[in-house]
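The block underneath contains the structure these notes are about, expressed in structure tokens.
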Amino acid sequence: MAVTLRPEIAALQPYRQGRPAAPDAFKLSSNENPYPPHPAVVEAIAAASVERYPDAAATALRARLATIFGVEADRIHVGSGSVALLQQLILAAAGPGDEVAYSWRSFEAYPGLVTVAGATSVTVPNRADGGHDLPALAAAITDRTRAVIVCTPNNPTGPIVTADEFAAFMDAVPPTLLVLLDEAYREFVTDPAAVDGVPLLERHPNLVVLRTFSKAYGLAGLRVGYALGPVEILNAARSTAIPLSVTEPAQRAAIAALDHDAELRERVAELIERRDRLRDALRAQGWSIPEPQGNFLWLATGEHSPAAAEILEKHGIVARVFPEGIRVSVGEEESVEPLLRSAEEVVRTLPLGAGNAGLG
Ligand SMILES: *Cc1c(COP(=O)(O)O)cnc(C)c1O
């Protein structure tokens, strides 16, 4: 007889990682940073002592982030990736019978994290332009909602939430409701209208902002992210966390990355330039690309997504396939030409036209 498991857990799909790419293909499926780590980061990792447990409080990294953001170190919590922080915060706020609301399609980790907490996801469709419909999200909040997640720029579609939209949203939701602002791609944002969560923390005691070293800082493999927010909420998150899960190499590497922030920002600037160039070239091919503000672009290929992904793969581009479309990360400069060539072939050979959101 089979062991009795929680049925909602047994029904979950295990996490689907971006497909490993063939050795000669470009892996544009996980929004990773294509640049190798800064030499100082490599040195910091090598210097970390791994025979001892790490500093559970990540004291040095939190002190550093506190200086950068001008907040007290108590208002920063470091986790083994911002997904770990999301899980801790959801566990702290929501359990069986409770709801967690977010826009969809968004980050694919959200549904599983909510289910693992025993809570129920309530989703609201994105707008036609791929952005969050925040009035609809606010309207979906009930007296059972314990947390709401806002992802800006939205993974996988790309658009930001504006400061005005977010201000209206915060006014519309109860002050007792935990609002998680997932800014995993904040460093890639160039639109001056975009919300910036950190300065809003003073005004909203129910707001937590999530950032990561995985994307712009290129430390995805080390697992380190951070949350900024009120002490009581972060303490509750700390209570749900597995202690000591942020390793010493990760803490030291993050500090080294911050030490070389200006150089890393130059690489981010290159990725932004490449992103905007890809956006323009794809739009010129006829694609209606939602405004990309992260390090990825969205091709709304709809039901043709598997066929389109096959064409990309034939050209050495491994992308992330969703039921509604394909997400391609901004990768190496050498990936630009095959990506554009394969996207052009998709337009030419698949019936994406009228009625499909993919082509403008
Ligand atoms: C990549 C990503 C994260 C964070 O990933 P970690 O590696 O766990 O820090 C969080 N939110 C979104 C929307 C992401 O795309």
Review point. Rg and Dmax of the stretch 55-159, Cα atoms, in Å?
Key: 15.5, 46
Study note, to complete from the structure: In cubic angstrom per residue, the convex hull of the chain built on its Cα atoms measures 160 Å³
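Compute the convex hull volume of the Cα atoms of the stretch 51-259, divide it by the residue count, and report the result per residue in Å³ as a whole number.
113 Å³
I need to check one value: relative contact order of the chain, counting alpha carbon pairs closer than 8 Å and at least 6 residues apart, in percent.
Relative contact order, the chain: 23 percent.
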Review point. Could you give me the ³J(HN,Hα) list for the stretch 207-217, computed from phi with Karplus coefficients 6.51, -1.76, 1.60 and θ = phi - 60°, whole Hz, x at Gly and Pro?
Key: 9, 10, 9, 10, 10, 9, 8, 6, 9, 4, 8
**Study point:** Sum of -39500 (n - 2.57) over DSSP H runs of 4+, divided by residues of the chain (222 nm, nearest 500)
**Key:** -11000 deg cm²/dmol
Practice item. Convert each backbone phi in the stretch 283-288 into a coupling constant with the Karplus relation 6.51 cos²θ - 1.76 cosθ + 1.60 (shift: θ = phi - 60°), then list the ³J(HN,Hα) values in order as whole Hz, x for Gly and Pro. Key: 4, 5, 6, x, 5, 9
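Only bridges with both residues in the chain count here: give the DSSP antiparallel percent, nearest 5.
That works out to approximately 45 percent antiparallel.
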Exercise for review: Would you order 176, 120 from fewest to most other beta-carbon atoms within 10 Å of each residue's own beta-carbon?
Suggested key: 176, 120
Exercise for review: Check each of the trypsin sites (Lys or Arg not before Pro) in the stretch 171-275 and keep only those in coil by DSSP with at most 12 other C-beta atoms within 10 angstrom; list them in order.
Suggested key: 203
Practice item. Compute the longest continuous run of the chain that contains no exposed GluC sites (Glu not before Pro); treat a site as exposed when its DSSP state is not H, G, I, E or B and it has at most 11 other Cβ atoms within 10 Å. Key: 203-360
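Laboratory data are not the source of any read-out in this text; all were calculated from the coordinates shown. These numbers come from a predicted model, not from an experiment. Ideal geometry is used to build each Cβ from the backbone, glycine not excepted, and the neighbour counts take in all protein chains shown.
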